[in-house]
Amino acid sequence: MPAGLVVLVGPPASGKTSFVRALVERGQIEAEAVVSSDEIRAELFGAAGGPEPAEFDAAELADSDAADATDTDAADARIFEERDRRIVARLAAGRTVIAESTNVTPQARARLVALARRFDAPVTALRFAPDVADLLQQYAERGRTDLTTADVRAYAAVMSRDAGADRLRSEGAAAVHDVPGRRRSVTSAEAAARFAFGQVLPGYHLT
C-alpha cells in the first residue's frame, strides 16, 4: 500500500486493534504511525473514558467517530480534535498514518478523507467485516461490557449498509482491502503479514 492515510473500518471487536498491534510487533509500521481514538480517550480521560451509547437506532447510528460532526459531546470533540492534530502532523511530514477507530459511518470517514486531501495523500481503506456471529463471539471473548448485543448488531448492520467497497471508493479511497479474520481462520498476525505499508510519500525526505 502507498504511504498516506490508512483508514480502518469495522465494528467494535472486529479485530482492528489486534491487527495494528501485530503490524507494530512485526516491525511493519512504527507505533507512532497508529492514531487510536480509544488510546487518546484513555490519555485524556482515563482507562475507558466512558462507554459507547447504550441505545441507538441502527438507521441513525450516533457513531462516536462522528462526534466531531454532531458536536454533541465536548469530551468527544476534544478526542477527535487531538486525533486530527496527530494525523495532520504525520501527513504534513509525508509519513504514513493509520486511523484506528470504527469509521463505519460516512460522516466518520468524511473528515479523515478531507485531511488526506489537504496533503494530496492517498487514502487506503482496510475493511474488518466479520459476520455477526463471529463479531459477537469476539466481543464476548474480550470481556467487554460497554456495548449490548443489540449495539454490536447495530454497528454490524451499519457497516454492511454504509461501508461497502464501492461506497468507500466513492468517498475517496484509492484502494480498499478486506482484512481476513476468524471466518477464514486467519489470525491477526497472519493477516498483518499479508500487508506491506509505504512509509514516506514521494517527494518527501526523512531528516
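The values are calculated or read from the model by the stated rules, or taken from the named source; none is laboratory data. None of the values given here were measured: they were computed from a predicted structure. We work out accessible area using only protein heavy atoms, side chains counted, and drop any ligands, DNA or RNA first. Shrake-Rupley method; radii C 1.70, N 1.55, O 1.52, S 1.80 Å.
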Handout entry: Full-extension gain in nm, Ala31 to Leu136, via 0.36 nm per residue minus C-alpha separation
Key = 35.0 nm
Practice task
Send over a whole-number figure in Å² for the accessible area per residue of segment 78-207, probe 1.4 Å.
Solution key: 49
Problem - Whether segment 130-196 is rounded, prolate or oblate, judged on the alpha carbon gyration tensor where a/c under 1.5 counts as rounded - result: oblate
Practice task
Just report the Cα centroid separation between segment 111-172 and segment 79-100, whole Å.
Solution key: 19
Fill in the blank from the handout: For segment 75-87, in residue order, the Karplus 3J(HN,Hα) values (coefficients 6.51, -1.76, 1.60; θ = phi - 60°; whole Hz; Gly and Pro = x) are 5, 4, 4, 5, 4, 6, 5, 5, 4, 4, 4, 5, 5
Handout entry: Net lengthening on full extension, Arg153/Arg117 (0.36 nm per residue, minus Cα-Cα)
Key = 9.7 nm
Exercise for the section: Could you look at segment 80-173 and say what percent of its accessible area is carbon and sulfur, using a 1.4 Å probe and all protein chains? Expected result: 49
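Taking 0.36 nm per residue of sequence separation and subtracting the Cα-Cα distance, how much length would be gained by fully extending the chain between Asp178 and Ala77, in nm to one decimal?
Roughly 33.4 nm would be gained on extension.
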